[in-house]
Amino acid sequence: MRLPYRDPIDLGPSPYEQFLQREAIPVIRGYFLEDLKEVELKPWKRMEALGCYLNMGDQQETNAYICEIPPASQILPQRHLFETLVYIVTGRGATTVWHEENAKRTFEWSAGAVFAIPLNVSYQHFNASKDEPVRFLAGTNLPHLLNLIHNEEFIFRNPFQFRDRFTNDTDYFRRNERLTVRSWETNLIHDVNAFPLDEYPMKGKGVRIMRFGIAGTTYGCHIQEFPVGSRSTFHRHGPGAIVTVTQGTGFAMVWRQGEERRRFEIRPGSIYSPGDLMYHGHFNTGHKTMRHFAMRGRSPKYSQDRYRTPLHDMIPFEEEPPEIHREYLDELAKNGVTEAVSVVKE
């Protein structure tokens, strides 16, 4: 018997929810966003840019936001005590980070890049184009931290310098180091779709993955690749996952025990965020490899969860409702996909 899911408890607005109200920009909720490139954004005073929050998955462990910087412009300088992972969706530009005004470090990026803001440094993003906006997705652990400390002054105006996180070394944003198989430590990924991944044969034929620690974060992320004709088993985990499709097409399906299954059509720019202990599966229905960039859990170097219970996490393929796989086969046939079908064990 698998463990049941956990019902949310409403105790009134949390410090994080009160913070969202004061930020005064739109908040997208639910489990799915069709295309982050098409979301309407509103003026964001704190950033002096356009933005919206993604408070998805019915949880307050992590959040995300979409921000757009107009051409030849920049955000206001920022500083905060929560970790932030950034995925550049469109445009090109640069980011400057610093502890002291006279010792700044700048690195450039373009669409597809992934990086992290070193903890509690000052930073500023710049749009280098004169005619194209920059749009990026950022995932953070702000909700957990703000609800824990419930003091915005401490989080946004804390002077402490984490010298172990950012040293202002000239090669800081060139660092790349393999920790072990399927695990990498870096400070800048130039292209989420071009980064070489390691084989993951125990999961399924052709599956590839790489887990990252970026700029010393404990907030983890990974890139995973599903070959043509592959789908995952249904699996679940704790709250806070934010999954962005970067390549390929297909569908995702989510459900909780006793609830109706929900199917989401996914393509580059789609985001889904399953709730706490919500079963979900990934299905590649296209003619090319499907990749996603997922922000969830802990980084490989600083993982605090070293135990797994498969019965708790996964529904074996032979135990899932049979109509799900028939639906997948029908979709492949409709799309003219003839490759042998494989099931990825998640």
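Could you list, in sequence order, all residues of region 181-199 that are touching a residue at least 24 places away in the same chain (Cβ under 8 Å) and in a loop (DSSP other than H, G, I, E, B)?
Pass one, region 181-199, residues touching a residue at least 24 places away in the same chain (Cβ under 8 Å): 182-195, 197.
Within region 181-199, Arg182, Asn187, His190, Asp191, Val192, Asn193, Ala194, Phe195, Leu197 qualify.
Does region 283-300 contain any residue that is surrounded by fewer than 19 Cβ atoms within 10 Å (Cβ to Cβ) and among the β-branched types (Val, Ile, Thr)?
yes
Filter region 57-74 down to the residues that are within 14 Å of the chain's Cα centre (by Cα) and closer than 18 Å to Ser14 by Cα, then identify the one that is surrounded by the fewest Cβ atoms within 10 Å (Cβ to Cβ).
Initially, region 57-74 is screened for residues within 14 Å of the chain's Cα centre (by Cα), giving 57, 61-66.
Right, trim to closer than 18 Å to Ser14 by Cα and you get 57, 61-64.
Numbers: Gly57: 26, Glu61: 17, Thr62: 27, Asn63: 26, Ala64: 26.
Applying the filter and picking the extreme gives Glu61.
If a residue has to be surrounded by fewer than 17 Cβ atoms within 10 Å (Cβ to Cβ) and within 22 Å of Asn151 (Cβ to Cβ) to count, how many in region 24-36 make the cut?
Matching residues across region 24-36 total 2.
Provide a single number: the residues in region 159-177 that are among the basic types (Lys, Arg) and in contact with an Asp or Glu (Cβ under 8 Å, 6 or more places away or on another chain). Reasoning before the result, please.
We begin by selecting, within region 159-177, every residue among the basic types (Lys, Arg); these are 163, 165, 174-175.
Now narrow it down to the ones that are in contact with an Asp or Glu (Cβ under 8 Å, 6 or more places away or on another chain): 175.
The number of residues fulfilling the criteria is 1.
Residue under question is Thr90, and the condition is that it be crowded, with 18+ Cβ neighbours inside 10 Å, outside the structural domain of His292 (by TED's automatic domain parsing) and over 15 Å from the mean Cα position of the chain (by Cα); does it hold? Show your work before the answer.
Working: crowded, with 18+ Cβ neighbours inside 10 Å: no; outside the structural domain of His292 (by TED's automatic domain parsing): yes; over 15 Å from the mean Cα position of the chain (by Cα): yes.
Judged against the criteria, Thr90 is not a match.
Within region 190-204, work out how many residues are within 15 Å of Gly248 (Cα to Cα) and more than 16 Å from the chain's Cα centre (by Cα).
Of region 190-204, the ones within 15 Å of Gly248 (Cα to Cα) are 192-194.
From what's left, more than 16 Å from the chain's Cα centre (by Cα): 194.
Residues in region 190-204 being within 15 Å of Gly248 (Cα to Cα) and more than 16 Å from the chain's Cα centre (by Cα): 1 in total.
Output the residue which, of all residues in region 244-265 that are over 21 Å from Phe317 (Cβ atoms) and β-branched (Val, Ile, Thr), is nearest to the chain's Cα centre (by Cα).
Filtering region 244-265 for residues that are over 21 Å from Phe317 (Cβ atoms) and β-branched (Val, Ile, Thr), the one nearest to the chain's Cα centre (by Cα) comes out as Thr244.
Filtering region 239-279 down to residues that are among the β-branched types (Val, Ile, Thr) and in a strand (DSSP E or B), which residue is surrounded by the fewest Cβ atoms within 10 Å (Cβ to Cβ)? Steps first, answer last, please.
The first filter runs over region 239-279 and keeps only residues among the β-branched types (Val, Ile, Thr), leaving 242-246, 249, 254, 266, 271.
Next cut, in a strand (DSSP E or B) only: 242-246, 254, 266, 271.
Working: Ile242: 26, Val243: 22, Thr244: 24, Val245: 22, Thr246: 20, Val254: 22, Ile266: 27, Ile271: 26.
Looking at residues that are among the β-branched types (Val, Ile, Thr) and in a strand (DSSP E or B), I get Thr246.
For His222, all conditions in the list (1) buried (at least 18 other Cβ atoms within 10 Å of the Cβ); (2) touching a helix residue (DSSP H, G or I) at 6+ places or on another chain (Cβ under 6 Å); (3) not hydroxyl-bearing (Ser, Thr, Tyr) hold save one; what is the number of the exception?
(2)
Please state which of the following conditions Gly297 fails to meet, knowing it meets all the rest: (1) out of contact with any Ser or Thr (no Cβ under 8 Å at 6 or more places or on another chain); (2) outside any helix (DSSP H, G or I).
Answer for Gly297: the failing condition is (1).
For region 76-85, what are the residues that are crowded, with 21+ Cβ neighbours inside 10 Å and hydrophobic (A, V, I, L, M, F, W, C)?
Listed by number, the list holds a single entry, Leu85.
The values are calculated or read from the model by the stated rules, or taken from the named source; none is laboratory data. Just so we're clear, the structure is a prediction, and the values are computed from it rather than from any experiment. Note that each Cβ is placed from the backbone with ideal geometry, even for glycine, and that neighbours are counted across all protein chains shown.
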